Amino acid sequence: MVTTKDKSDTKRLPMMPIRDVVIFPFMMTPFVVGRESSVRALEEALAGDRKIFLATQHDATIDEPRPDEIYSVGTIANIVQNLKLPDGNIKVLVEGVERGKTVSVSEDEGFFRAVVRTTSFRVDQGNQLETLVGRVTNLFEQYVKLSQNLNYETMIAAIRVDDPGKLADTVGANLQLTIEEKQELLEIFDPIDRLTRVAELLDIEIEKLNVDRTIQGRVKRQMERAQKEYYLNEKIKAIQKELGRGEKSEFDELKKRIETAGMTKDGLEKAMAELKRLEGMPPMSAESTVSRNYLDWLLAVPWKKKTKEIRDLKYAREVLESDHYGLEKIKERILEFLAVRRLVQNPKGSILCFVGAPGVGKTSLGMSIAKATGRKFVRMSLGGVRDEAEIRGHRRTYIGALPGQIIQMMKKAGTKNPIFMLDEIDKMSMDFRGDPSAALLEVLDPEQNFMFVDHYLDVEYDLSQVFFVATANVLHTIPAALQDRMEVIRLSGYTEVEKLEIAKRFLVAKQMKDTGLAADAIEFTHAGLQSLVQSYTREAGVRNLEREIGNVCRKVARKIVDAQSTGAGAAHELENSETERELAAPAEKTRKLKKQAKKEEAAPLIPIEKVVVDAPKVTELLGPARFRDLELEKSNDIGATTGLAWTEVGGSILTTEAAVMEGRGKMTTTGKLGDVMQESAHAAMSYIRSRAQYLGLPRDFYRHLDIHVHVPEGAIPKDGPSAGITIATSISSALTGIAVRGDVAMTGEITVRGRVLPIGGLKEKLLAAHRHGIMEVILPKDNEKDLADIPENIRKEMKLHFVESMDAVLKLALVRDIVALTVAPSTAADLAARSTEENVTHEENVTH
């Protein structure tokens with residue numbers, strides 16, 4: 001196929017920009033002219049040879065486009081008809097003649113005039129051209145058959161032409177193309193190239209129409225199936241009604257349940273509206289399932305059902321005493337809450353937060369409150385929760401959406417006033433899905449939670465009568481706004497006496513039951529339990545103690561089973577010879593033998609001789625002691641001081657060491673100390689330098705010595721100001737060469753002037769000292785008021801010194817009075833020599 005340019009011509013014509021349409025040559029197109037400039041261009045054409053140049057503008061929203069906002073390629077058209085309308089617009093009918101391209105555009109007398117160049121092509125006939133024309137014709141016939149917008153006879157008649165350019169323009173004008181695609185086709189002047197592009201576009205459009213037809217067929221079939229199901233369901237209902245059956249349909253039952261559920265006005269309206277929607281849905285549709293699940297959840301939540309609360313304080317006290325030993329102040333606080341609820345007619349839900357180390361009984365206290373008040377108990381663990389939807393639920397627009405855990409737990413409780421435990425509230429976190437602690441602000445606010453809205457239910461729900469009990473190990477990870485909504489009750493660790501009583505009353509019996517030991521199979525002596533507490537556990541609670549008691553019970557159980565191996569072997573032999581017994585003995589006798597064997601296997605293990613678990617027996621069963629008795633470590637050492645620390649799992653002791661060596665005044669701190677603890681070390685050093693004369697040190701001693709402060713267990717991070725006096729004592733001992741008493745512990749913050757400031761966690765620290773056998777402790781004077789929280793037996797057994805200054809600390813902590821020093825050492829070598837001498841003297845005194 002070969003095309004050659006035949007001739008080119010230039011014409012000067014009035015130009016009219018048109019919107020949302022591309023006019024092709026040989027195409028009859030009506031449109032309305034309204035713009036003033038377009039009307040003037042039309043009048044100019046009508047006054048002349050009725051020819052006008054029509055070009056599409058880029059943006060149809062522009063009322064007065066500039067020449068550069070109009071496509072340069074358009075169509076020269078003849079004005080066939082024109083009719084002036086009453087509103088001033090003109091309706092015209094034009095026929096495209098040929099395409100042209102603007103050479104220049106000028107504005108004249110309020111309209112555009114364009115110099116347009118036209119180009120004609122001559123096409124050589126051949127087989128390839130005939131093939132292309134035939135292909136386009138066949139494709140267009142398929143397109144017309146698939147399209148519902150074109151008349152088949154009219155279109156087929158229109159394409160029966162010999163000119164390939166006219167064929168391409170006629171087909172292109174009737175395709176459902178975008179303005180950009182039609183403009184692209186118009187700008188192809190070569191007839192063969194244009195016809196080839198039309199063939200490509202026809203292939204694409206036919207494929208689209210085939211896909212549309214396939215989809216429409218599927219939709220039609222689905223609609224027919226749904227209509228059929230609806231028709232059959234309606235027919236079944238009518239038949240059942242005629243037979244007198246099913247007068248109370250499922251929807252009637254749902255309606256009755258909704259009306260009697262006791263919902264709020266908003267909830268009732270939403271439930272009835274959802275029920276009405278459900279009635280009009282096909283039963284097997286997916287939307288029907290979603291709607292039914294929503295109604296089921298609305299009906300499952302307790303709206304008016306309440307548990308009658310027991311307000312007998314005597315009974316509540318008995319329950320708390322039977323379930324927990326010790327914790328007297330905690331019990332008093334709980335009884336105070338219950339007393340207030342008894343006096344107030346319509347009390348709001350209480351919100352408590354138990355804070356304490358693991359294993360001190362926080363969760364079990366919540367269960368005891370439920371038992372004492374006769375309420376239902378539900379527990380929700382918040383550990384690791386980081387999605388706000390866990391609290392408020394997901395909206396119903398999501399597939400598989402469910403209410404949040406608050407509503408789910410209320411459904412589980414079945415009443416609107418349960419004891420609701422929020423366990424591990426300090427372990428929540430947040431991420432891109434939201435902050436669950438922020439969602440809890442509404443739940444735990446008595447002024448707001450009476451209208452709590454779950455995203456799934458989307459109706460207000462009253463939580464004001466719920467008794468919320470939260471538990472936490474620490475408070476600093478709980479947002480301040482959330483802490484403000486809760487009554488915080490702190491649970492300190494247990495004393496050794498309390499642990500022994502808890503083990504005797506609760507833990508031993510529980511572990512014997514769990515391991516299958518009979519009551520007379522094993523006996524724990526006081527010494528045995530004391531050995532477990534002192535040598536195998538170091539904790540504030542009793543969880544590890546229970547674990548070790550269980551370990552002892554399991555080992556005893558194994559020994560009993562080994563001792564009774566003969567009986568067990570006989571039972572095993574009976575089981576293996578089942579077939580022989582059935583043949584040799586009557587069926588009834590075999591059944592009796594089996595029953596007896598099973599009974600023997602299920603019975604508690606009773607040894608021939610009771611196992612008495614005393615201290616030596618504990619060592620035999622559990623091996624060497626895991627924790628050494630600190631009585632053996634209470635030697636008086638230079639530069640080593642015993643301090644007290646608070647941790648998330650209770651109190652602990654913390655040894656601080658200091659060493660001096662020749663150097664240039666450098667101070668080193670090691671043991672993974674935090675910023676605050678390092679600042680305490682510098683404050684202690686400033687105090688020692690200011691008191692150098694009192695300590696018998698040269699004023700410039702720090703210029704020739706390096707000091708190293710180390711806190712053992714270097715892998716564990718440590719921080720806080722309460723180690724200030726401990727560090728100052730260690731450095732003072734190392735510099736003066738006077739040993740520190742090993743039987744004394746201390747805690748307190750220090751200032752550069754030597755004042756001792758109060759600290760927190762006093763009860764936990766004193767319990768730790770008592771637990772480790774240290775009975776003499778130095779404390780800040782301002783903490784004397786906190787002794788009311790210390791158990792009376794601890795106060796009686798321990799000797800407590802309350803001090804206001806560091807000078808008083810040194811007098812109590814060092815084995816020798818500093819005032820007795822008369823000669824101040826001048827060098828580090830002198831200090832080291834004096835330290836060695838003091839050590840030798842002290843060892844001789846101890847030996848003597």
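The values are calculated or read from the model by the stated rules, or taken from the named source; none is laboratory data. None of these values were measured; they are calculated from a predicted model. Reconstructed Cβ throughout: ideal geometry from the backbone, glycine too, with neighbour counts over all protein chains shown. SASA here: full protein model, heavy atoms, side chains in, ligands and nucleic acids out. Shrake-Rupley method; radii C 1.70, N 1.55, O 1.52, S 1.80 Å.
Using alpha carbon centroids, what distance separates region 463-503 and region 57-84, in Å? Computed from Cα coordinates, the inter-centre distance equals 80 Å. Cα-based radius of gyration for region 451-496, normalised by 2.2 N^0.38 Å, reads 1.65. The accessible area of Arg795, taken with all protein chains in place and a 1.4 Å probe, comes to roughly 90 Å². Each listed q (0.10 Å⁻¹) maps to a log10 I(q)/I(0) for region 348-489, found by the Debye formula over equal Cα scatterers with no solvent: -0.31.
Structure note, pairs Lys329/Lys765; Lys510/Lys765; Lys416/Lys510; Lys228/Lys276; Lys7/Lys91: Cα-Cα distances above 27 angstrom occur for Lys510/Lys765; Lys416/Lys510; Lys7/Lys91.
For Glu98, the amide hydrogen comes within under 5 Å of the amide hydrogens of Ile76, counting only partners 5 or more places away or on other chains and with H modelled in the peptide plane.
Counting heavy atoms of the protein chains alone, Val676 has an accessible area of about 60 Å² for a 1.4 Å probe. Counting only DSSP H runs of at least 4 residues, each contributing -39500 (n - 2.57), and dividing by the residue count of the chain, the helix-based mean residue ellipticity at 222 nm comes to -14000 deg cm²/dmol.
Under 8 Å for C-alpha pairs, at least 6 residues apart: give me the relative contact order for the chain, rounded to a whole percent. It rounds to 7 percent for the chain. Take the Cα pairs of the chain, get the Kirkwood Rh, then feed it into Stokes-Einstein at 4 °C and 1.567 mPa s and tell me D in µm²/s. Answer, rounded: 34 µm²/s.
Using C-alpha pairs under 8 Å with a sequence gap of at least 6, the mean separation divided by the residue count of region 147-195 gives a relative contact order of 38 percent. Going by accessible surface with a 1.4 Å probe and the largest first, Val211, Val542 read Val211, Val542.
Restriction of the GluC sites (Glu not before Pro) in region 64-126 to DSSP coil positions whose beta-carbon has at most 14 other beta-carbons within 10 angstrom yields Glu109. For region 360-399, trypsin sites (Lys or Arg not before Pro) meeting the loop criterion (DSSP other than H, G, I, E, B) and having at most 10 other Cβ atoms within 10 Å: none. Spherically averaged projected area of the convex hull of Cα atoms, region 32-104: 5.1 nm².
DSSP beta bridges confined to the chain are antiparallel in about 60 percent of cases.
How big is the gap, in Å, between the Cα center of region 797-818 and the Cα center of region 669-722? Centre-to-centre (Cα) distance: 19 Å. Among Asp323, Asp87, Asp169, the order of accessible area from largest down is Asp87, Asp323, Asp169, computed with a 1.4 Å probe on protein heavy atoms. Taking the protein heavy atoms of region 311-468 in the context of the full set of protein chains, the accessible area attributed to carbon and sulfur is 53 percent at 1.4 Å.
Between amide H atoms placed 1.01 Å from N, distances below 5 Å from Ile489 occur with Cys353, Phe354, Val355, all of them 5 or more places distant or on a separate chain. Using all pairs of distinct alpha-carbon atoms, the Kirkwood hydrodynamic radius of region 680-729 works out to 12.3 angstrom. Can you bin every Cα-Cα distance in region 484-567 into 10 Å intervals starting at zero and give me the percent of pairs per bin, rounded to whole numbers? Computed distribution, short to long bins: 16, 43, 23, 11, 5, 1, 0. Annotation for region 422-489: chymotrypsin sites (Phe, Trp or Tyr not before Pro) lying in DSSP loop with at most 13 further Cβ atoms inside 10 Å of their Cβ are Phe432.
When nucleic acids and ligands are ignored and a 1.4 Å probe is applied, Lys228 ends up with an accessible area of around 130 Å².
Projected onto planes of every orientation and averaged, the convex hull of the alpha-carbon atoms in region 725-808 covers 5.4 nm².
Here the 3J(HN,Hα) profile of region 467-473, calculated from phi with Karplus coefficients 6.51, -1.76 and 1.60 at θ = phi - 60°, is 8, 8, 10, 9, 10, 7, 8 Hz, Gly and Pro shown as x.
Solvent-accessible area assigned to carbon and sulfur over region 471-529 amounts to 50 percent, based on a 1.4 Å probe. What fraction of the Cα pairs in region 254-314, stated in percent, has a spacing above 14 angstrom? The proportion of pairs with Cα distances above 14 Å equals 60 percent. Shape of region 87-204 from its Cα gyration tensor (a ≥ b ≥ c, root eigenvalues): rounded if a/c is under 1.5, otherwise prolate when a/b > b/c, or oblate? It comes out oblate by the Cα gyration axes.
Residues whose amide H lies under 5 Å from that of Ile522, counting only those 5 or more places away or on a different chain, are Val611; hydrogens are built 1.01 Å from N in the peptide plane. Applying 1/(1 + (r/R0)^6) with r as the Cβ-Cβ distance of Glu620 and Glu501 and R0 = 41 angstrom yields a FRET efficiency of 0.95.
Quantify how much of the Cα-Cα distance distribution of region 681-826 extends past 22 Å, in percent. For region 681-826, the share of Cα pairs beyond 22 Å comes to 41 percent.
Per residue, the accessible area of the chain comes to 53 Å² when a 1.4 Å probe rolls over the protein heavy atoms.
With all protein chains present, how much of the accessible area of region 126-285 (probe radius 1.4 Å) comes from carbon and sulfur, to the nearest whole percent? About 50 percent, which is the carbon plus sulfur part of the accessible surface.
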